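Structure first, then comments.
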Amino acid sequence: MKGVSHRCAHKSKRAVSIIGTGSYAPERILSNADLERMVETSDDWITSRTGIKERRIAAADEFTSHMAAKAAQAAMEQAHVAPEEIDMIVVATVSPDTFFPATACHVQRILGAKNAVCFDVSAACSGFLYSLEIAQQFISTHTYDTILVIGADKLSALVNWKDRNTCVLFGDGAGAAILRSREGSHGVITTYMASDGNYADILCMPGGGCALPITSENFEQHLNTIQMNGKETFKLAVTSMQHAALRALQQANLELSDIKCIIPHQANIRIIEALADRLKVPMDKIYVNLERYGNTSAAAVAMALDEASRKEHFQIGDYILMVVFGGGLTWASSVIQW
Ligand code: UT7
């Protein structure tokens, strides 16, 4: 019995907090006016259908790991965490520098985080919340103390710049958070995650993997670029995010009225407005920055979290709800107490 009680004490779950955030967007701005010169589109169409006005595009020699490391450095600075203190680096991305090694290993090298175990998570736009949950599990069970979670994507490298259906939507960027155990109740309260592979084809990059390796024929058919059924994705995004938001609240034993700020995936303002409408929450409770960055995939919610916290959209002790949706299909939601 003595051994059992010792084990229980040792394994008791501990609270996990976000102790610092950071984000990074590349310098180059691609405006809707710029896109008008590239494909048959208009600022009016893009703005009215998506809410996006401009997006950032990484330089040719600026990779996902470079953006990820910059966001991480900002988070580490805010958290006062040195590279050697990081036990794990999780990078959520679908645009890794290389198939292998993982982008997280490239980030480790840039940061000098020599004590970290590193891997990537592929969950498209939901990757940051999936990774947050992975980190939360490792810390709450006392396996690791300090984990760096990054959402980073360079979708400009995966876009067919001749396809107006997709090229106007996406942008590049990275967002990061440092997680650590903290005394008291503040922290990541709950995360809900879901997936449905039956819809794998409606938002995907079919080529480049072992199913359709890059050949000149596949390349000519643009199979190494993002393909999306926009309308179907839109509908599923709204219903899945609504479901996920309510599930996380239920798990956290909270009401929507308890939430100070909702931070959704930044894909389309009409998706966010439909979500607000279904949840019956005013838009001023929802943080939106997609007009400046477009859809940055795994980075989107992480960049928005960092921006919203630095702009003091919430204070210590406030409840925040993050909710995301992406290719896979994947979707997720987290409730945190700041
Ligand atoms: O991050 C993962 C989640 N991703 C998403 O959530 C994206 C979800 N989908 C969407 O955001 C929207 O479906 C889109 C913004 C992609 C498209 O908006 P829509 O209102 O569903 O438009 P649509 O696909 O029904 O297209 C309407 C028309 C079509 O023309 P016709 O066939 O009606 O003549 C398109 O060819 O708009 C045309 N179109 C464009 N016109 C000007 C499509 N893209 C463009 C464009 N500029 N860039």
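Structure notes:
- Members of segment 196-221 that are buried (at least 16 other Cβ atoms within 10 Å of the Cβ) and out of contact with any helix residue (DSSP H, G or I) (no Cβ under 8 Å at 6 or more places or on another chain): 204, 205, 206, 208
- Selection status of residue 138, in the same structural domain as residue 43 (by TED's automatic domain parsing) and more than 20 Å from residue 297 (Cβ to Cβ): yes
- Scope segment 243-270; condition free of Cβ contacts under 8 Å to residues at least 40 places away in the same chain and either touching a Pro at 6+ places or on another chain (Cβ under 9 Å) or surrounded by 18 or more Cβ atoms within 10 Å (Cβ to Cβ) (or both); matching residues: 266
- Hits in segment 41-93 - residues which are within 16 Å of the ligand (Cβ to nearest atom), crowded, with 17+ Cβ neighbours inside 10 Å and small (Gly, Ala, Ser): 51, 92
- Residue within segment 180-188 that is hydrophobic (A, V, I, L, M, F, W, C), in contact with a strand residue (DSSP E or B) (Cβ under 7 Å, 6 or more places away or on another chain) and over 29 Å from residue 34 (Cα atoms) present: yes
- With respect to being over 20 Å from residue 296 (Cβ atoms) and buried (at least 21 other Cβ atoms within 10 Å of the Cβ), residue 188 fits the description.
- Residue count for segment 273-287 satisfying the condition of being surrounded by 19 or more Cβ atoms within 10 Å (Cβ to Cβ) and touching a residue at least 40 places away in the same chain (Cβ under 8 Å): 1.
- Close pairs from segment 220-233: first closer than 14 Å to residue 328 by Cβ and part of a helix (DSSP H, G or I), partner more than 8 Å from the ligand (Cβ to nearest atom) and of a type in the set (A, V, I, L, M, F, W, C), Cβ under 8 Å, at least 6 apart: 232/202; 233/202
- Within segment 287-325, the residues that satisfy the criterion of being on the phi > 0 side of the Ramachandran plot and either within 14 Å of the ligand (Cβ to nearest atom) or polar (S, T, N, Q) (or both) are 294, 297.
- Figure legend. Inter-residue proximity from segment 175-188: first residues more than 12 Å from residue 136 (Cβ to Cβ), second residues of a type in the set (D, E, K, R), beta-carbon distance below 6 Å, spacing 6+ or different chains. Indicated pairs: 175/306.
- Residue check, residue 247 away from the ligand (no atom under 16 Å from the Cβ), of a type in the set (D, E, K, R), over 16 Å from the mean Cα position of the chain (by Cα) and closer than 27 Å to residue 104 by Cα: no
- Meets criteria (over 17 Å from residue 152 (Cβ atoms) and touching a residue at least 40 places away in the same chain (Cβ under 8 Å)) for residue 87: yes
The values are calculated or read from the model by the stated rules, or taken from the named source; none is laboratory data. Every value quoted in this text rests on a predicted model; they were computed, and no experiment measured them. All Cβ positions, glycine included, derive from the backbone under ideal geometry; neighbour counts span all protein chains shown.
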